[in-house]
Amino acid sequence: MKILYAPDYESLSRKAAMLIGAQILQKPCSVLGLATGSTPIGAYRYLSQWHAAGDLDFSQARSINLDEYCGLPDSHPQSYHYFMRQHLFDHVNFAASDLPEGCAEDLQAECRRYEQIISAYGPIDLQLLGIGHNGHIGFNEPSDHFVAQTHLVRLKEQTIQANARFFDDPGQVPRQAITMGIAAILQAKKVLLLAGEGKEEILRQALTGPITPQVPASILQLHPDVTVVTTAKEMSCSR
Ligand code: GLP
């Protein structure tokens with residue numbers, strides 16, 4: 001595991017974008033696993049700028065997102081479809097991009113459809129991840145077991161509260177989501193985990209504590225090629 005220290009959010013964002021950009025330069029037909037949340041926004045901004053400057057071409061690449069809320073239409077500003085268009089897809093030129101459909105009539109069938117997409121185009125070359133305050137990756141919430149496949153998840157109260165800041169009314173935060181499972185994340189050839197301010201303690205637990213489904217990100221200790229970019233200085237020299 002490589003742990004890169006970034007003194008501030010801009011530095012974290014640039015380093016993350018450089019690693020993603022390098023992936024596209026080295027393998028233009030990469031499959032990128034993409035994440036939402038506030039942490040990757042800066043990296044997406046750099047990638048958009050470098051594409052506009054002619055330095056990065058995503059036309060042979062495709063993306064597969066980690067997750068989507070249930071019940072929010074794609075046009076809802078807090079849906080992850082909207083987020084991805086706003087921060088990345090409207091500014092770069094992926095050949096194709098997939099996200100789970102959180103408004104599908106049959107959500108279980110949608111989980112199966114998404115799993116087929118992952119099987120058809122995977123394994124993911126580079127999986128970008130943030131980390132929730134409770135250690136979730138994607139929306140793989142703390143649980144008594146890891147869930148391998150794409151699945152429907154009931155969000156934890158802590159996650160609902162953490163994400164309430166994005167909604168006018170906290171009551172509007174969806175209670176359910178569809179998330180890629182742990183298998184596709186572990187099968188990704190490379191993982192890039194971003195952890196900014198406020199994530200120091202959960203990052204320490206995930207990377208140095210026991211591997212447990214109560215801290216889903218701890219499973220990354222088993223992955224052979226993880227790069228962490230973090231503003232947590234103490235982590236950067238711990239391994
Ligand atoms: C959401 C997403 C995760 C993300 C997490 C952290 O719940 N489903 O993929 O990693 O939030 O978000 P933030 O980067 O805003 O702290």
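The values are calculated or read from the model by the stated rules, or taken from the named source; none is laboratory data. Worth saying up front: this structure is predicted, and the values here are computed from it rather than measured. In this analysis, Cβ positions are derived from the backbone assuming ideal geometry, glycine residues included, and neighbour counts consider all displayed protein chains.
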*Within the set of pairs 6 or more residues apart or between chains, which connect a residue that is more than 14 Å from Arg204 (Cα to Cα) inside segment 129-148 to a residue that is charged (D, E, K, R) with Cβ atoms less than 7 Å apart?*
Gly138/Asp67; Phe139/Asp67; Glu141/Lys156; Pro142/Lys156
_Could you list, ordered by first residue, the pairs with Cβ atoms under 6 Å in which the first is in segment 199-226 and without any contact (Cβ under 8 Å) to a residue 60 or more places away in the chain and the second is assigned to a loop (DSSP other than H, G, I, E, B), at least 6 apart or interchain?_
Glu200/Ala232
_From Ala177, Ala183, Ala148, residue being in contact with a Lys or Arg (Cβ under 9 Å, 6 or more places away or on another chain) and within 17 Å of Cys111 (Cα to Cα)_ = Ala177
*If we scan segment 18-28, do we find a residue that is out of contact with any Pro (no Cβ under 7 Å at 6 or more places or on another chain), within 14 Å of the ligand (Cβ to nearest atom) and at pLDDT 95 or above?*
no
*Could you please let me know if Ala104 is over 18 Å from Ala184 (Cβ atoms), modelled with pLDDT of 95 or more and of a type in the set (A, V, I, L, M)?*
yes
*Taking strands (runs of 3 or more DSSP E) that do not extend beyond segment 150-198, which have at least 3 residues that are near the ligand (Cβ under 10 Å from one of its atoms) and either touching a residue at least 24 places away in the same chain (Cβ under 8 Å) or touching a His at 6+ places or on another chain (Cβ under 8 Å) (or both)?*
190-195
_Residues of segment 130-158 satisfying the condition of being surrounded by fewer than 17 Cβ atoms within 10 Å (Cβ to Cβ) and polar (S, T, N, Q)_ = Ser143, Gln149, Gln158
_Residues to consider are Gly54, Gly37; find the one that is within 11 Å of the ligand (Cβ to nearest atom) and either surrounded by 18 or more Cβ atoms within 10 Å (Cβ to Cβ) or small (Gly, Ala, Ser) (or both)._
Gly37
